[in-house]
Amino acid sequence: MISIDYRSGKSIYEQIADEFEHLISQGILESDSQLPSVRQLAVELSINPNTIQKAYSELENRGLIYSIRGKGNFVAAESESLKQKKLQQFYKNLTELIQEAHRSGIDEEEIRKALMAHLKK
């Protein structure tokens, strides 16, 4: 479920939080589904439980999970809109890139070819 790249410049807790965010945004982890316990995930990944707790705290700060004392951590209902927010950000970024391409003299056909080439990868 979660993989860690120890050669990455990104901290382990950030990698864990980002992996969970990806799973939530893809709908793999649904609203109100329970995340693995801190200890369980620490054993599974062979890392310090404090690192897992820090990742969970980060996810809570992002509004993606909530915790219930004595029960565990759960995916927040608001996270369902995460995919929509990411899609809106994608469209915004794409629009900005297309506008920049036009300002640089790149025509629509060249943009289409570039987009199709990347989609085929």
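Before moving on, here are some points about what is shown:
- Shown here for region 26-101: trypsin sites (Lys or Arg not before Pro) in loop regions (DSSP other than H, G, I, E, B) with at most 12 other Cβ atoms within 10 Å, namely Arg69, Lys71.
- Most mobile listed residue (Ser67, Ser46, Ser104) in the chain, GNM with C-alpha springs under 10 Å: Ser104
- 25 Å Cα-Cα threshold exceeded, pairs from Lys86/Lys121; Lys85/Lys113; Lys10/Lys113: Lys85/Lys113; Lys10/Lys113
- Coordinate range of the alpha-carbon atoms in the chain per principal axis, descending: 58, 33, 23 Å.
- Gyration tensor verdict on region 23-82 (Cα atoms; rounded if a/c is under 1.5, prolate if a/b is larger than b/c, oblate otherwise): prolate
- Qualifying GluC sites (Glu not before Pro) in region 1-57, where qualification requires a DSSP coil assignment and no more than 12 other C-beta atoms within 10 Å, comprise Glu30.
Computed from the coordinates by the stated procedures, all read-outs in this text should not be read as laboratory data. Remember, predicted model here, so these are calculated numbers, not experimental data. Here the Cβ is made from the backbone with ideal geometry for all residues, glycine too, and neighbour counts use every protein chain on show.
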